[in-house]
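What follows is a short report on a single structure.
Just so it is clear, none of the values below were taken in a lab; they were calculated from the coordinates. Because the structure is a prediction, the values reported are computed rather than measured. Counting neighbours? That spans all protein chains shown, and the Cβs are built from the backbone with ideal geometry, glycine included.
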C-alpha cells in the first residue's frame with residue numbers, strides 16, 4: 001500500500017471523527033481554561049524522499065504539552081515534547097527510526113465559543129532523529145542527528161461527557177543533513193486537563 005493511500009485513509013478517518021464529534025457535542029461547552037496540560041497519541045505517516053529512501057512503515061506518535069491561552073481569546077502558546085517511531089523492514093533484519101524533540105507553537109483559535117473549537121497551530125522545535133537496525137546477531141545505529149524542525153496544521157478542542165479532548169493533524173519537517181528532510185504527518189487524539 002502506498003504512502004498516499006495510507007495518508008488518504010488517515011485523513012478520511014480523522015474527518016469522520018470530527019463529524020461524529022460535532023454531532024455528539026451539541027449540548028456541551030469545551031472548557032475555556034487559561035492553562036492547559038495535555039497528552040495525545042496517534043498515527044504518524046512518513047512522507048517524502050526520506051520515508052521512501054528508508055522504506056519507513058507507518059508509525060505512532062505520543063506527545064505531552066503545556067499551553068497558555070486566556071479564556072475566549074484567539075491567540076495562545078504551547079510548549080510540547082513528542083516521540084515518534086517508525087518501523088523499517090530491511091533485507092538483513094528489522095530496524096526503526098525514532099524522533100524525539102520539543103517545540104514551541106503558536107495557536108490561533110478560529111472559534112473560541114461553544115463545544116467544538118477549531119484552531120490553527122504552528123511552530124518550531126529541535127528534534128533528535130535516530131536510525132537503528134537489528135541484524136540477526138548485532139545491533140547498530142547508522143545515524144543520529146539533532147536538528148531544527150517546523151510544523152503546522154489544524155486541530156480542534158471538544159468536550160465529551162466531562163472530558164476535554166483534542167484532535168489534530170499536522171505536517172512536520174525536520175531538516176536533516178545532506179539535503180534530506182524527515183517529513184511526517186501525525187494525526188493525534190488526546191485529553192486536556
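Numerical summary
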item	result
Rel. contact order, % - alpha carbon contacts under 8 angstrom, at least six apart, segment 145-193	36
Extension gain from residue 193 to residue 128, taking 0.36 nm per residue of separation minus the Cα-Cα distance	20.6 nm
Backbone N within segment 156-193 under 18 Å of label point (7 Å from residue 143 Cα along the Cβ vector)	172-185
Translational diffusion of segment 47-193, µm² s⁻¹ [Kirkwood Rh, Cα pairs; Stokes-Einstein; 10 °C; 1.306 mPa s]	96
